[in-house]
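Reading through the structure tokens given below for one structure.
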Amino acid sequence: MTDVAAVDSQRFDRPKFRLAGDRGLLVEFGDAITPEINQSVRAMTFAMEAAAVLGVREVIPTYRSVVVVYDPLTTHPSLLSTRILSLYEGLARIEPPAPKESVIPVCYGGEYGPDIAFVAEHNHIGIDDVIRLHSEPSYPIYMLGFSPGFPFLGGLSENLHTPRLTSPRTRVPAGSVGIANNQTGIYPIASPGGWQLIGRSPVRLFDPDRPNPFLLRAGDTLRFEPITPDEYRRRAVGGEHD
């Protein structure tokens, strides 16, 4: 997983286009990961969905670009590029819907957050400070990726930046909340992973049996709410996470 670069905003004057396979077009808005560039990503995603551009099957937002998946029997990159540039000219006048905030309960520390003491020690703070600093912000959800519904979040406090594990775990339980360098996120499904685990949530972020399998959406925001182990167990009844 890519780390968020701590660099100055460098927004392009106009989008840059790259081919992404035989039915994908990558539209880049800058070469840094910043809220300003990501705002352009959100606006273009909204504009393309509203315009229902001919031949476009899906628009996937990322940190600093969108991936446009298209039907090659209906359109092609040159047509799409022209249409996207036309939308870009009016992007400043487009206001995407206000972000929806999701509150994700987290039981910090103990068996659910085995690395929280290391995060505290690495940053010369107490465990209570880790919990407070981690649960205070409203995090922008820049993109989903790595595994189904994994949220890449911006805005982690500099006082919590902690390197990854030197040796990744072969299995991280679903719902685990972790820190890796200047990022934080939640593992939606059990998977290998090298992030420092500080807690776990009983909320299922990805469920293929739901009408919309993904609980979170890029462009929205997320806030963590500390809960007790008893509350975690109560809310996890039914085996949401194994």
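Worth pointing out:
- Volume per residue for the chain equals 137 cubic angstrom (convex hull of Cα atoms).
- Overall shape: rounded for segment 101-235, with the ratio a/c of the largest to smallest alpha carbon gyration tensor axis below 1.5.
- Once both labels are positioned 7 Å from their Cα atoms along Cα-to-Cβ, the gap between ASP22 and PHE214 label points is 2.6 nm.
- Acute angle (nearest 10 degrees) that the helix 35-51 long axis makes with the longest principal axis of the chain, alpha-carbon atoms: 50
- At full extension, ARG57 and ARG14 could sit 13.2 nm farther apart than now, given 0.36 nm per residue minus the alpha carbon distance.
- For the chain, built as a Gaussian network whose Cα springs stay under 10 Å, the top-fluctuating residue of GLY90, GLY149, GLY175: GLY90
- Under 5 Å from the amide H of GLY185 lie the amide H atoms of GLY178, each residue being 5 or more positions distant or on a separate chain, with H modelled from the backbone and absent for Pro and chain starts.
- A Stokes-Einstein calculation at 10 °C with viscosity 1.306 mPa s, built on the Kirkwood radius of segment 11-93 over Cα pairs, returns a diffusion coefficient of 127 µm²/s.
- Phi angles across segment 118-128 convert, under the Karplus curve 6.51 cos²θ - 1.76 cosθ + 1.60 with θ = phi - 60°, into 3J(HN,Hα) values of 5, 4, 5, 5, 4, 9, 6, 9, x, 4, 4 Hz, Gly and Pro given as x.
- Residue among LEU153, LEU79, LEU215 with the largest mean-square fluctuation in a Gaussian network model of the chain, springs linking Cα atoms under 10 Å: LEU79
- Residue of ARG18, ARG204, ARG217 that the Gaussian network model of the chain assigns the largest fluctuation, springs spanning Cα pairs under 10 Å: ARG18
Computed from the coordinates by the stated procedures, all read-outs in this text should not be read as laboratory data. On a predicted model such as this, the values are computed, not experimentally measured, just so you know. Every residue, glycine as well, gets a Cβ built from its backbone with ideal geometry; the counts of neighbours run over all protein chains shown.
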